[in-house]
Amino acid sequence: MKRYDLIVIGAGPSGLSAAAEAASKGLRTVVFDENERPGGQLFKQIHKFFGSKEHKAKVRGYNIGKQLLQEAADAGVDVVLNAPVEGLYPDHEVTVRIGDSLRHFKGDAVIAATGASENMAAFKGWTLPGVIGAGAAQTMMNLHGIKPGNKVVMLGSGNVGLVVSYQLLQAGVEVAAVVDALPHVGGYGVHAAKLARTGVPFYLSHTIVEAEGEDRVKGVTIAEIDNKFNFIPGTEKHFDADTICVAVGLSPMSQLLKMAECDVPDDPSKGGQAPRVGAFGETSVKGVFAAGDVSGIEEASSAMIEGRITGLAAAESLGFITKQELEAETAGLENQLASLRRGMFAPGNKGRKITETDEGIALSESLLTQGYVADDEIARFPGVTKQRGIHPVIECTQNIPCNPCQDACRKGCIRIGKDITSLPAVDTDSQCVGCGLCVAACSGQAVFLVDEDYEEGYASVTLPYEFLPLPETGARGTALDRSGAPVCEAEVVEIRTSPAFDHTNLLTMKVPADMAMTARFFRNQKTESEAC
């Protein structure tokens with residue numbers, strides 16, 4: 001039986017972070033993972049992360065994965081892949097399936113970073129080929145380069161459903177609708193807004209009646225539901241579709257911790273059966289720790305910080321660092337974690353109806369119920385101003401933990417302050433130079449550059465654009481508003497790409513002057529004709 005100071009189960013964001021942190025303190029550390037490649041969910045997350053610099057904000061998930069892998073390798077961590085852990089016992093022994101044999105390992109401490117599994121929704125036809133989890137669709141697209149279908153209905157409007165829907169569009173898949181039984185969008189408004197302005201409709205207080213087809217999905221029927229989740233007769237709507245993606249939440253994968261006799265209560269606030277953990281991730285069994293989604297469903301940024309804290313805690317429990325060193329090194333990490341757990345989407349706000357921002361501004365009802373901020377609502381937010389010349393317009397209307405736009409602006413045009421959940425505001429006394437760094441840096445694609453004096457009778461709007469092929473300068477098409485409705489003709493006058501933009505292209509379109517605060521997306525005339 002081979003022994004290690006620390007065994008980490010799971011090579012996702014929390015597991016790799018924990019392993020790297022512990023190994024840097026001298027622990028002989030191994031990570032076991034059942035997959036063919038390490039990194040967990042990070043390598044299929046092609047979007048930019050939220051948070052601040054400390055949380056890897058504006059860095060794409062797969063690049064964060066590369067950074068973590070390098071850090072773990074530099075620290076001397078052994079990573080064993082294709083190695084599912086089949087047993088975890090109270091004496092810190094684990095059994096691992098490697099090839100055709102079941103091997104035994106012993107650790108002085110164990111960190112379970114097993115993550116979470118996708119929930120499924122049952123409806124008529126839900127077992128048909130073509131009904132898949134949103135995470136599975138993301139794996140197919142972003143890891144294997146395979147389109148999961150040609151026309152998709154997404155069930156679920158949380159962050160996973162919204163992000164994957166947008167990535168489906170990027171892969172050339174038509175998203176027919178986003179459907180959710182809840183009466184409001186479940187994820188970040190900026191994710192919903194960037195989807196809505198491409199023309200994807202939202203059907204809230206709706207759910208799937210039936211997946212149609214005999215040997216595979218060929219269509220979907222949805223219907224509106226009442227407050228008791230009963231179908232309302234006469235509200236049925238049909239969509240031609242070959243795929244249904246299900247994004248109805250995640251559940252902690254806590255089975256191994258139960259096997260180790262840890263206290264694992266059912267806690268809806270944590271997504272299901274999650275271990276009871278202390279401040280440093282310690283479970284009820286001495287020497288066994290938990291980090292990441294297995295201890296409560298949150299974003300990957302939180303999981304990485306939790307992993308670092310538990311890695312340090314494991315080092316302290318084995319005498320590699322002192323209690324004082326543990327407290328000193330985790331203080332900053334705990335502050336980072338606390339900053340991610342503030343704002344409208346804080347764990348403590350789960351299930352609460354919030355009607356206004358921390359600043360006392362009424363939330364956009366249209367955003368919550370239709371996925372976009374209405375024209376008569378947008379001007380009340382501090383990031384939306386009208387000025388002479390080029391200037392930023394920031395359509396970020398919820399208190400979410402994110403501040404890259406402030407850091408990106410070298411001229412001080414954008415203010416958020418020390419609290420990263422504050423709404424961004426535009427400082428009209430500062431002079432914007434139109435560099436576009438704020439547009440590229442925004443993880444929610446909610447920043448635009450507007451020049452209402454572009455030329456006589458016309459304005460320019462610079463927007464983030466992450467679709468291929470890129471339109472050429474001079475291309476003509478249609479400008480869409482926040483709801484995805486066509487509002488005017490538009491011409492591409494500039495396309496900017498730069499390594500500093502990290503694959504977010506800046507598309508500048510010329511529109512009639514009265515459309516400057518309305519036009520928010522460009523649809524290429526060539527693409528439209530091909531679709532016809």
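For each pair in LYS53/LYS323; LYS58/LYS418; LYS56/LYS151, compute the distance between the two Cα atoms and list the pairs where it is over 25 Å. The pairs that break the limit, which is 25 Å between Cα atoms, are LYS53/LYS323; LYS56/LYS151. At q = 0.16, 0.21, 0.27 Å⁻¹, what base-10 log of I(q)/I(0) does the Debye formula yield for segment 68-142 when every alpha carbon is treated as an equal point scatterer in vacuo? Log-scaled intensity ratios, in q order: -0.89, -1.06, -1.24. Taking every protein chain into account, the accessible area of the chain amounts to 42 square angstrom per residue (probe 1.4 Å). Over all Cα atoms in segment 1-143, the spread is summed up by Rg and Dmax: 16.9, 55 Å. Could you work out the percent of alpha carbon pairs in segment 233-382 separated by over 22 Å, rounded to a whole number? Above the 22 Å cut-off, segment 233-382 has 58 percent of its Cα pairs. Note on the chain: with charges restricted to the Cβ of Lys and Arg (+1) and Asp and Glu (-1), its dipole about the Cα centre is near 580 debye.
Which value in Å does the Kirkwood hydrodynamic radius of the chain take, with 1/r averaged over all unlike C-alpha pairs and then inverted? If you can, show how the numbers build up before the last one.
Working: mean 1/r = 0.0410 Å⁻¹.
The answer is 24.4 Å.
Amide H contacts under 5 Å for GLY272: ASP267, restricted to partners 5 or more places along the chain or on a different chain, H placed in the peptide plane at 1.01 Å from N. Charged neighbours of ILE98, selected by a Cβ distance under 12 Å, balance to -1 (K, R count +1; D, E count -1).
As a check on your grasp of the helix formula, calculate [θ] at 222 nm for the chain: sum -39500 (n - 2.57) over DSSP H runs of n ≥ 4, divide by the residue count, round to the nearest 500. Intermediate values should be presented prior to the final figure.
On the way: 13 runs with 123 residues, N = 532.
Taking each H run of at least 4 residues, the total per residue is -6500 deg cm²/dmol.
Across segment 279-290, computed HN-Hα scalar couplings (Karplus, 6.51 cos²θ - 1.76 cosθ + 1.60, θ = phi - 60°) run 5, 10, x, 6, 8, 6, 9, 4, x, 10, 10, 9 Hz from first to last residue, x flagging Gly and Pro.
Computed extension gain for GLU325 through ASP376, at 0.36 nm per residue and net of the alpha carbon distance, reaches 13.0 nm.
Stretching ARG97 away from LEU128 to a fully extended chain increases their span by 8.0 nm, per 0.36 nm per residue minus the current alpha-carbon distance.
Note on the chain: dipole from Cβ charges, positive end direction compared against GLY187, ILE414, GLY296; the farthest Cα belongs to GLY296.
Using a 1.4 Å probe over the heavy atoms of the protein chains, calculate the carbon and sulfur portion of the accessible area of segment 307-405 as a whole percent.
50
For the chain, the residue among PHE448, VAL487, GLY278 whose Cα projects farthest onto the positive side of the dipole built from Cβ charges is GLY278. Ligands, DNA and RNA left out, the 1.4 Å accessible surface of segment 10-165 is 49% carbon and sulfur atoms. Coupling constants for segment 18-25 follow from the phi torsions by the Karplus curve (6.51 cos²θ - 1.76 cosθ + 1.60, θ = phi - 60°), and in residue order they are 5, 5, 5, 5, 5, 5, 5, 9 Hz; glycine and proline get x. In this structure the amide hydrogen of ALA490, modeled in the peptide plane, comes within under 5 Å of the amide hydrogens of GLY477, THR478, ALA479, none closer than 5 places in sequence on its chain.
Stretched out straight at 0.36 nm per residue, the stretch from ARG410 to LEU470 would grow longer than its current Cα-Cα span by 18.8 nm.
Quote the FRET efficiency, to the nearest 0.05, computed for GLU359 versus ALA279 with a Förster distance R0 of 35 Å and r equal to the Cβ-Cβ distance.
Details: r = 31 Å, r/R0 = 0.89.
Here the calculated transfer efficiency is 0.65.
Using θ = phi - 60° in the Karplus curve 6.51 cos²θ - 1.76 cosθ + 1.60, the 3J(HN,Hα) couplings for segment 382-390 round to x, x, 10, 9, 10, 9, 6, x, 6 Hz; x is entered for Gly and Pro.
For THR428, what charge total do you get from the other residues with a beta carbon under 13 Å from its beta carbon, if Lys and Arg give +1 and Asp and Glu give -1?
On the way: positive: LYS386, ARG388, LYS411, ARG415; negative: ASP427, ASP429.
Net of charged neighbours comes to +2.
Extending 7 Å from Cα along the Cβ direction at GLU210 and again at MET259 yields two label points whose distance is 4.3 nm.
Out of the DSSP beta bridges found with both residues in segment 78-163, what percent are antiparallel (nearest 5)? Don't skip to the end; give the middle numbers.
Working: 9 of 9 bridges.
Of all bridge pairs located within segment 78-163, approximately 100 percent are antiparallel.
The values are calculated or read from the model by the stated rules, or taken from the named source; none is laboratory data. Not measured: the values here are computed from a predicted model. Because the Cβ atoms are built from the backbone with ideal geometry, glycine has one as well, and the counts that use them run over all protein chains shown. Just the protein is used for accessible areas: all its heavy atoms, side chains included, with ligands, DNA and RNA removed. Shrake-Rupley method; radii C 1.70, N 1.55, O 1.52, S 1.80 Å.
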